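Novice: Structure below; questions to follow.
The values are calculated or read from the model by the stated rules, or taken from the named source; none is laboratory data. Remember, predicted model here, so these are calculated numbers, not experimental data. With ideal geometry, Cβ positions are generated from the backbone for all residues, glycine too; neighbour counts draw on all protein chains shown.
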Amino acid sequence: MMKKWMFILLAALLTIGLAACGSDKTSNSKEKGNSVGESVDYKIIGIDPGAGLMKASAKVVEEYDLKDWTLVEGSSAAMTAALKKAYEKKKPVIVTGWTPHWMFAKFDLKYLEDPKGVYGKDENIHTIARNGLKDDLPDAYKVFEQFVWTPDDMGVVMNSIVNGEDPKEAAAKWVNENAEKIAKWTDGAKKVSGDKIKIGYVAWDSEIASSNVIGKVLTDLGYKVTLVQIEAGPMWTGVADGSLDASVAAWLPSTHEDYYKKYKGKFEDLGANLEGTKLGLVVPAYMDIDSIEDLK
Ligand code: PBE
């Protein structure tokens with residue numbers, strides 16, 4: 001005959017067993033579907049509102065019907081800080097990201113698939129100049145025209161900066177170590193003595209690197225360079241109205257398409273300075289989702 005305490009023990013064991021099964025189920029479903037949203041509070045960590053990436057991400061929210069989701073505005077620095085914080089605790093996080101960026105070297109990340117192709121195809125980073133720069137500062141113009149490097153080059157500078165080096169010093173170091181490339185960029189450009197030049201850039205990690213590098217090259221050529229940090233809209237306006245001389249931060253043909261169209265004819269497109277970029281939603285590789293469609 002079963003004693004009363006045996007019943008109690010059996011009941012207790014059953015309860016524990018069921019509870020274990022139950023929590024198993026929740027942790028499984030948490031990784032998928034809607035619960036991804038719950039796990040990140042339905043937030044996509046964005047960057048500065050003027051970025052083309054934000055416009056594209058807003059379109060993603062619309063086209064994939066992510067009604068419950070919020071695209072959080074901020075800055076590149078706030079985005080990478082949020083990513084780092086989550087990553088260190090192995091917590092879920094979804095950010096708007098792009099390549100080239102040091103975050104892919106520092107963390108194990110993946111782009112979410114974009115089956116609808118909202119983020120567009122790979123594009124290039126262009127150099128743009130104000131109308132008249134060719135006549136006013138022909139030697140700087142020549143350098144801008146000839147400036148071209150690779151995502152790996154840019155990666156070296158970005159890594160030094162994220163590892164604590166001052167952007168100016170990181171750029172100077174790269175310039176000193178890449179004399180052959182610099183010789184090509186400056187081929188045919190004469191030295192000047194203190195001519196002023198203003199280069200506009202947005203505080204995106206990739207553009208902090210490129211603008212400091214081109215700034216260093218022009219400084220070495222004798223220019224008095226001012227790097228003007230500004231939002232994306234005013235950067236384009238500045239080149240179009242001539243208050244800025246140039247920028248090496250124009251993402252074309254899609255990311256800055258609106259700005260490009262708005263100011264067409266009021267600036268000069270000097271072509272690509274870097275090929276092979278990408279935009280998208282980025283998550284840590286440990287997250288169990290692969291596609292933007294998994295966010296619904
Ligand atoms: N970005 C980096 C910019 C261009 C450079 C992708 C954040 C943008 O979205 O406008």
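Novice: Could you grab the pairs with beta carbons closer than 6 Å, sequence gap of 6+ or different chains, first residue in the range 39-64 and within 18 Å of Leu252 (Cα to Cα), second one part of a helix (DSSP H, G or I) and aliphatic (A, V, I, L, M)?
Specialist: Gly50/Ala232; Ala51/Ala232
Novice: I'm trying to understand the selection: among the residues of the range 155-183, which are touching a Phe, Trp or Tyr at 6+ places or on another chain (Cβ under 9 Å) and part of a helix (DSSP H, G or I)?
Specialist: Gly155, Val156, Val157, Met158, Asn159, Ser160, Ile161, Val162, Lys181 - these are the residues of the range 155-183 that are touching a Phe, Trp or Tyr at 6+ places or on another chain (Cβ under 9 Å) and part of a helix (DSSP H, G or I).
Novice: Looking at the range 259-268, which of its residues are surrounded by 14 or more Cβ atoms within 10 Å (Cβ to Cβ) and more than 10 Å from the ligand (Cβ to nearest atom)?
Specialist: Step one: filter the range 259-268 for residues surrounded by 14 or more Cβ atoms within 10 Å (Cβ to Cβ), giving 259-260, 263, 266-268.
Residues satisfying the conditions are Tyr260, Tyr263, Lys266, Phe267, Glu268.
Novice: Can you confirm whether Leu53 is more than 13 Å from the ligand (Cβ to nearest atom), modelled with pLDDT of 95 or more and surrounded by 15 or more Cβ atoms within 10 Å (Cβ to Cβ)? Before you say what the answer is, go through the steps one by one.
Specialist: Numbers: more than 13 Å from the ligand (Cβ to nearest atom): no; modelled with pLDDT of 95 or more: yes; surrounded by 15 or more Cβ atoms within 10 Å (Cβ to Cβ): yes.
Here the answer is no, as Leu53 does not meet what is asked.
Novice: Looking at the range 88-114 only, could you name the residues that are under 17 Å from Lys43 (Cβ atoms) and surrounded by fewer than 19 Cβ atoms within 10 Å (Cβ to Cβ)?
Specialist: Selection gives Lys89, Lys91.
Novice: Are there any pairs, at least 6 apart or on different chains, whose C-beta atoms fall under 8 Å, with the first in the range 241-258 and under 26 Å from Asp136 (Cα atoms) and the second charged (D, E, K, R) and assigned to a helix (DSSP H, G or I), and if so, which?
Specialist: The qualifying pairs are Val248/Glu207; Ala249/Glu207.
Novice: Related question: Out of curiosity, is Met154 crowded, with 18+ Cβ neighbours inside 10 Å, of a type in the set (A, V, I, L, M, F, W, C) and free of Cβ contacts under 8 Å to residues at least 60 places away in the same chain? Step through it out loud before you land on a result.
Specialist: Working: crowded, with 18+ Cβ neighbours inside 10 Å: yes; of a type in the set (A, V, I, L, M, F, W, C): yes; free of Cβ contacts under 8 Å to residues at least 60 places away in the same chain: no.
Taking the combined requirement at face value, the residue does not satisfy it.
Novice: A further question on this structure: Filter the range 160-209 down to residues that are under 27 Å from Trp236 (Cβ atoms), of a type in the set (S, T, N, Q) and under 26 Å from the mean Cα position of the chain (by Cα), then give me how many there are.
Specialist: 1
Novice: Can you tell me which residue within the range 237-252, out of those that are over 18 Å from Lys134 (Cα atoms) and either among the basic types (Lys, Arg) or in contact with a His (Cβ under 9 Å, 6 or more places away or on another chain) (or both), is surrounded by the fewest Cβ atoms within 10 Å (Cβ to Cβ)? Quick ask: steps written out before the conclusion?
Specialist: Narrowing the range 237-252 to residues over 18 Å from Lys134 (Cα atoms): 237, 249-252.
Within this subset, residues satisfying the condition of being either among the basic types (Lys, Arg) or in contact with a His (Cβ under 9 Å, 6 or more places away or on another chain) (or both) are 249-252.
Working: Ala249: 26, Ala250: 26, Trp251: 25, Leu252: 19.
By that ranking, first place goes to Leu252.
Novice: Right, Trp204: within 16 Å of Ala250 (Cβ to Cβ) and either touching a residue at least 60 places away in the same chain (Cβ under 8 Å) or away from the ligand (no atom under 16 Å from the Cβ) (or both) or not? First the steps, then the outcome.
Specialist: Working: within 16 Å of Ala250 (Cβ to Cβ): yes; either touching a residue at least 60 places away in the same chain (Cβ under 8 Å) or away from the ligand (no atom under 16 Å from the Cβ) (or both): yes.
Yes: the conditions hold for Trp204.
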